[in-house]
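First comes the structure, then the notes that go with it.
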Amino acid sequence: MSYPQVSVLVVEDDPGIATQLVRGLERAGYTADSVGMGADALRRAPSDVVLLDLGLPDIDGVDVCRQLREASDAAIIVVTARGEEADRVLALDEGADDYLVKPFGLAELLARIRAVLRRGQRLGGGAEVLRHGPLTVDLRTRKVTVSGTEVALTPKEFAILECLAADPGRLVSRQEIVERAWDEHWYGPTKVLDVHLAALRRKLGDPALIETVYGHGFRLADRPAEPAAERAERPAASP
């Protein structure tokens, strides 16, 4: 899912990268534009989301980040080749909402945008509800229902399901789920995810709803199977 009313400003001095990002964002339903200089970004009317490169030719991106944060409540995602921890910490301390190191995939970028928008409640304060077949995930009330029946989940189970339901059908790696459900600096084994996934599948009542793509990750089934209880209640077809 995407948020068509959301405007995204790409601050990137490489025209090729900027053009690709703007096209990808527009295909995903966003309103997107780009500038190549930090000064231009600071002069622009506020956008909902700013994708900010740190290596700008006129002003250091961290300074741009700080000034943008002082002037607006835009969601700022740093997109840069600088992958050192010190750079991450500095940008986040100066007001960035997220930090993504190049190269990255468009699907991950879109997921990061959705995540910062949810965290910042920048969509007007209304209840955001994710629906996929019989599954409904209410992000405001943190309630989950399957075919109208509420399912009680632990915080970790809810976080895992939210990660998958945000973009049904997209393959999500084990590492990405762990980083979002636990912590982006999680250094433990990702096998901890298997225990929670098993419990989540059991509670949802349909193990096939969450597909395992061995060696790659997990995704919600493109066409969720009908819950077992409903299949059992359905009358058999006449011969």
statement: Those residues of the range 37-86 that are surrounded by 18 or more Cβ atoms within 10 Å (Cβ to Cβ) and part of a loop (DSSP other than H, G, I, E, B) come to a total of 7
task: Sort out which residues of the range 64-84 are of a type in the set (A, V, I, L, M) and under 19 Å from the mean Cα position of the chain (by Cα), and write them in order of number.
output: A74, A75, I76, I77, V78, V79
field: Near pairs, Cβ below 7 angstrom, 6+ apart or cross-chain, from the range 206-218 (free of Cβ contacts under 8 Å to residues at least 24 places away in the same chain) to any residue that is assigned to a loop (DSSP other than H, G, I, E, B) and surrounded by 13 or more Cβ atoms within 10 Å (Cβ to Cβ)
entry: A208/A221; A208/A225; E211/A221
- request: Go over the candidates A237, A181 one by one and state the one that is crowded, with 17+ Cβ neighbours inside 10 Å, at pLDDT below 80 and of a type in the set (G, A, S).
  value: A181
task: Any residue in the range 147-168 that's loosely packed, with under 12 Cβ neighbours inside 10 Å: show its pairings with residues that are assigned to a loop (DSSP other than H, G, I, E, B) at Cβ separation under 9 Å, as long as the two are six or more apart or on different chains.
output: G148/P134; T149/G205; T149/P227; P155/R142
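The values are calculated or read from the model by the stated rules, or taken from the named source; none is laboratory data. All values derive from a computational prediction rather than experimental measurement. Quick reminder, even Gly has a Cβ in these numbers, built from the backbone with ideal geometry, and neighbours come from all protein chains shown.
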